[in-house]
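Some notes on the structure that comes next.
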Amino acid sequence: MAETATLYFLFLSLATPLLLLAILLLGSWNKKRLRLPPSPPSLPVIGHLHLLTKPLHRALSSITAAHGPVVLLRFGFRRVLHVVDPAAAEECLTTHDVVFANRPRFPSTRYLSNGFTTLGSSNYGANWCNLRRIATVEVLSTHSLLRSAAVRAAEVRDTARRLFVDAHGASESRPARADVKVLAFELALNVVARMIAGKRYYGGAESEEAARFREMVHEYFAMHGVSNLQDFLPVLGMVDIGGAKRRAVRLSAKRNQWAQRLIDEHRIAGPNDDGRRSRGRTMVGDLLDMQASDPDVYSDEVIRALCLSILQAGTETSSSAIEWVMAEMLNHPAAMAKARVELDDVIGTGRLMEEADLPKLPYLQCILRETLRLHPTAPLLAPHESSADCTVAGYDIPAGTMLLINVHTMHRDAGMWEEPTRFMPERFEGGKGEGQWMLPFSMGRRRCPGEALSMKVVGLTLGTLVQCFEWGRVSEEEIDMAEGSGLTMHMAIPLEASYWPREEMASVLRAL
Ligand code: HEM
């Protein structure tokens, strides 16, 4: 017996170092065989986290300048592929579209994404395919958007009416002042909430429900902007620093209750005699009608996930774009004047601009494109994650790598764009710039499904504001175009502007 134990320990003491040596050799052999992208020197445990200043897309851009357009980084334990080469970006989003169709599962977003079940957070699979099909085919399709045009028109008209009322007695010498950030955010939220559920939460009669909703949205965006180190250093997630997890759980419950209440209210209201629900056509109403014939596909859970996905993805993006485009207009009065001439030529001053006018306003479209080139609201798109090994730009990329595509840097590449940092809508005029590489809405399976909606909201808002009001800066100085941090790029300094109603539009504005 004693002999067997001795032999056993002898075997272990010889085998363990040999086994470790074999693992090490195999690891380094594997590493040698892998052709990984270049990578700056990293620190133990944190990897390259110390290089990441705010805003993230600019810090990553500087790393690229020193190490090349395809770089492999380490954010704590996560391997990150950062790409600023259009060909490599396309390779990821076309050739390897399915491989990169997953999302990284950040602990900080677990609760607010209902355990990664919303459209934007779900991995590629049955749940995502179902949500994505409903979003693109039923909710955000050309046909659905045509049906909801009246909602957007009413909201933009109401914004113009409120601005007009607030500017009572204002003139060039005594302009009124507008908080463009707040105005754009409330407008974008009202549009989305009315499309989802037929409700307005801002600018209407004060109700307890509206106040509760606003508090929920406010809390969400306050938490959303916070950078979360525990996403990269899991050890930090073992303690609930500042009670963030507790707050996320509570907020997630509130958001689900909100979405479920919408469903229940629609269910109680039931369809009208003509087959439509009493509050008019809404996304929740339409999906409940479909639930009647296919309860598994259109379950309450799916409807809740869609409400939250669209509320989340469709508000801050559009409102930031409105803010950026107005800031560019204020810094470039000649471009604003040119847009107004176009509006007056095409529409005149006897009626308000409508969504149907947008295709007839090519210069306005150029302004929108130029704004999205310089200020893509998602500068790194949304992070993707690979589900299998693949090669990008000839480099080996192991499965489980997070992908950040820096469209902000590529949209300002001097090799692709003349005077890349200059705001010049004319670069797109007369079909110029067609085929120029731009990707503000991404491409492939995960491409933004709300592009058409957002272009309508932003275009109609910009057109109406320029048509109805004269705008100026609140001081002599140029607007500071500094960028805030976060995955959605907003202006670091919230935009304010001075304005007064246009004389020629007074009768139209009075009739609103
Ligand atoms: C200017 C406005 C907008 C911009 C620039 C924008 C851009 C983007 C980008 C870059 C992505 C990530 C794509 C990727 O992962 O590769 C995205 C995803 C998404 N967007 Fe938008 N977006 C805008 C407005 C909207 C609106 C108005 C909605 C809906 C009402 C919307 C709904 C979504 C959803 C649901 C996703 C997630 C898609 C998925 O993961 O499958 N977006 N958007």
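Only the coordinates and a few stated rules stand behind these numbers; no lab work does. From a predicted model like this one, the values you see are computed outputs, not experimental measurements. Counting neighbours? That spans all protein chains shown, and the Cβs are built from the backbone with ideal geometry, glycine included.
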(message) Of the conditions (1) in contact (Cβ under 8 Å) with a residue 60 or more places away in the chain; (2) more than 29 Å from residue 218 (Cβ to Cβ), residue 62 satisfies every one except a single condition; which number is it?
(response) (1)
(message) Tell me the residue from 283, 290, 336 that is more than 30 Å from residue 428 (Cα to Cα) and either surrounded by fewer than 17 Cβ atoms within 10 Å (Cβ to Cβ) or more than 16 Å from the ligand (Cβ to nearest atom) (or both), please.
(response) 290
(request) With the condition kept exactly as written, say whether any residue in segment 66-76 is touching a strand residue (DSSP E or B) at 6+ places or on another chain (Cβ under 6 Å), within 16 Å of the ligand (Cβ to nearest atom) and not in a loop (DSSP other than H, G, I, E, B). (result) no
(request) Specify the residue that is surrounded by the fewest Cβ atoms within 10 Å (Cβ to Cβ); the eligible residues are those in segment 408-428 that are out of contact with any Ser or Thr (no Cβ under 8 Å at 6 or more places or on another chain) and not in a loop (DSSP other than H, G, I, E, B). (result) 426
(request) Sort through 191, 182 and tell me the only one that's assigned to a helix (DSSP H, G or I) and surrounded by fewer than 18 Cβ atoms within 10 Å (Cβ to Cβ). (result) 182
(message) Cβ-Cβ under 8 Å, sequence separation 6+ or interchain: first residue in segment 398-423 and free of Cβ contacts under 8 Å to residues at least 12 places away in the same chain and farther than 21 Å from residue 78 by Cβ, partner outside any loop (DSSP other than H, G, I, E, B) and more than 16 Å from the ligand (Cβ to nearest atom). Which pairs?
(response) 418/427
(request) Tell me, yes or no, whether segment 436-458 has at least one residue that is more than 16 Å from the ligand (Cβ to nearest atom) and of a type in the set (Gly, Ala, Ser). (result) no
(request) Provide a single number: the residues in segment 99-123 that are over 21 Å from residue 391 (Cα atoms), aliphatic (A, V, I, L, M) and more than 8 Å from the ligand (Cβ to nearest atom). (result) 1
(message) Cβ-Cβ distance below 8 Å, separation of 6 or more or different chains: which pairs start in segment 494-509 with a residue that is assigned to a helix (DSSP H, G or I) and end on one that is of a type in the set (A, V, I, L, M)?
(response) 508/352; 509/160
(request) Among the numbered conditions (1) surrounded by fewer than 20 Cβ atoms within 10 Å (Cβ to Cβ); (2) part of a loop (DSSP other than H, G, I, E, B), tell me where residue 449 comes up short. (result) (1)
(request) May I ask you to verify whether residue 409 is within 16 Å of the ligand (Cβ to nearest atom), hydroxyl-bearing (Ser, Thr, Tyr) and within 18 Å of the chain's Cα centre (by Cα)? (result) yes
